[in-house]
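Written below as C-alpha cells is the structure these notes are about.
The values are calculated or read from the model by the stated rules, or taken from the named source; none is laboratory data. Quick caveat, the model's predicted, so the values are computed rather than measured. Backbone-built Cβ (ideal geometry, glycine too); neighbour counts: all protein chains shown. Protein only, heavy atoms only, side chains kept; ligands, DNA and RNA dropped before computing areas. Shrake-Rupley method; radii C 1.70, N 1.55, O 1.52, S 1.80 Å.
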Amino acid sequence: MAVREVLTVGHPTLRRRADDVDPADVTGPEVQGLVDDLVDTMRHANGAGIAAPQIGVPLRVATIEVDRNPRYPYKPPIPLTVLVNPVAEPLDDEVVAINEGCLSVPGLRGEVLRHVNVRVRWLDRTGAAHDEVKRGLTAGTFQHELDHLDGVLFLDRVDDPRTLTTWESFERFHRAAFVERITAFVERVGS
Ligand code: NI
C-alpha cells in the first residue's frame, strides 16, 4: 500500500484507452495492490475518485469515495467503491452542468454536462458483479472516473472554455452560485 504520484495532463498514459482486467486476475496480488494504492492515493489527495491511469497503470480500475470531501463539500456521500471493468450507459437524455476538477488537472475547474441517470455495471475487488443506477452528482462522479479509462479528461468535455477557473477564482467568484444551483438540484434528484 502506498501513496503514488498522480500524473498530470500531458502525460500520454492519461490519453490512451486502458486495458480490460481479466476477471480471473481481480483477486490476484497485482490488482489488489493496485486497488490499495488507488485508495491510499485518492484519500491522500482528497480526491472524490481516482482511476488507475492517473497513477500510471493502464488498466480499467478506478475507486470512488466521498465523505465530507473538502474539495467538493457539496457532493453527497458515496461509500468506498472499487470499479473493475466498469461500463456506463445513460438511461435518458437529462443532463446537468457540473463544475468539475481533477487531480490530474491541478489548479483548474470547469463546467461539464453530465448525464443525470446512468446505469453502471462493474466488478468489485472480490470479483463480484454489480449493476446499479446512479443519479445526479454521484452519476457525474462515476462518469468522470470512467472517462479516465478511455483517455478522456474533463477538459475535453468543457463546452465553454470561459467556464474554466482556477480553484481560487472559483472560490471567489463562482462557488456561491454553483453551490446554490447544485444544492437545489441534489435536493430534487436525491444524490
Ligand atoms: Ni479526474
Scope region 12-43; condition touching a residue at least 40 places away in the same chain (Cβ under 8 Å) and not hydrophobic (A, V, I, L, M, F, W, C); matching residues:
Thr13, Arg15, Arg16, Arg17, Asp19, Asp20, Pro23, Thr27, Gln32
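Residue-by-condition table, conditions (1) in contact (Cβ under 8 Å) with a residue 24 or more places away in the chain; (2) among the aliphatic types (A, V, I, L, M):
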| position | (1), (2) |
| --- | --- |
| Ala45 | yes, yes |
| Gly49 | yes, no |
| Pro53 | yes, no |
| Pro58 | yes, no |
| Ala62 | yes, yes |
| Val66 | yes, yes |
| Asn69 | no, no |
| Tyr72 | yes, no |
| Ile78 | yes, yes |
Total residues in region 6-38, condition within 15 Å of the ligand (Cβ to nearest atom), part of a helix (DSSP H, G or I) and open to solvent by less than 10 Å² (accessible area, probe 1.4 Å):
2
Please go through region 131-163 and pick out each residue that is open to solvent by 60 Å² or more (accessible area, probe 1.4 Å), away from the ligand (no atom under 12 Å from the Cβ) and closer than 27 Å to Arg188 by Cβ.
Asp131, Glu132, Val133, Arg135, Asp159, Arg162
Among the residues of region 110-120, is there at least one that is part of a loop (DSSP other than H, G, I, E, B) and either touching a helix residue (DSSP H, G or I) at 6+ places or on another chain (Cβ under 7 Å) or of a type in the set (S, T, N, Q) (or both)?
yes
Within region 164-187, how many residues are more than 16 Å from Val105 (Cα to Cα) and either surrounded by 10 or more Cβ atoms within 10 Å (Cβ to Cβ) or among the aliphatic types (A, V, I, L, M) (or both)?
16
Got a sec? Which strands (runs of 3 or more DSSP E) wholly within region 61-108 have at least 2 residues that are away from the ligand (no atom under 14 Å from the Cβ) and open to solvent by less than 40 Å² (accessible area, probe 1.4 Å)?
78-90, 95-101
Just to be sure I understand the filter: pairs with C-beta atoms under 8 Å, separated by 6 or more residues or on different chains, first member in region 127-146 and in contact (Cβ under 8 Å) with a residue 12 or more places away in the chain, second member acidic (Asp, Glu). Which pairs pass?
Gly140/Glu100; His144/Glu100
Which one of these does Ala97 not meet: (1) out of contact with any Lys or Arg (no Cβ under 9 Å at 6 or more places or on another chain); (2) under 26 Å from Gly136 (Cβ atoms); (3) free of Cβ contacts under 8 Å to residues at least 24 places away in the same chain?
(1)
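What tally of residues in region 42-51 results from selecting those that are away from the ligand (no atom under 12 Å from the Cβ) and either at pLDDT 95 or above or assigned to a helix (DSSP H, G or I) (or both)?
To start, the set of residues in region 42-51 that are away from the ligand (no atom under 12 Å from the Cβ) comprises 43-44, 46.
Filter once more, keeping what is either at pLDDT 95 or above or assigned to a helix (DSSP H, G or I) (or both): 43-44.
Selection size over region 42-51: 2.
Assess whether Thr27 counts as being closer than 24 Å to Leu155 by Cα and among the hydroxyl-bearing types (Ser, Thr, Tyr). Show your work before the answer.
Details: closer than 24 Å to Leu155 by Cα: no; among the hydroxyl-bearing types (Ser, Thr, Tyr): yes.
Against the criterion (closer than 24 Å to Leu155 by Cα and among the hydroxyl-bearing types (Ser, Thr, Tyr)), Thr27 does not qualify.
Go through Val95, Val87, Val105, Val118 for me and flag whichever is within 13 Å of the chain's Cα centre (by Cα), of a type in the set (Val, Ile, Thr) and at pLDDT 95 or above. Quick ask: steps written out before the conclusion?
Details: Val95 fails: within 13 Å of the chain's Cα centre (by Cα); Val87 fails: within 13 Å of the chain's Cα centre (by Cα); Val118 fails: within 13 Å of the chain's Cα centre (by Cα).
One residue alone meets the criteria, Val105.
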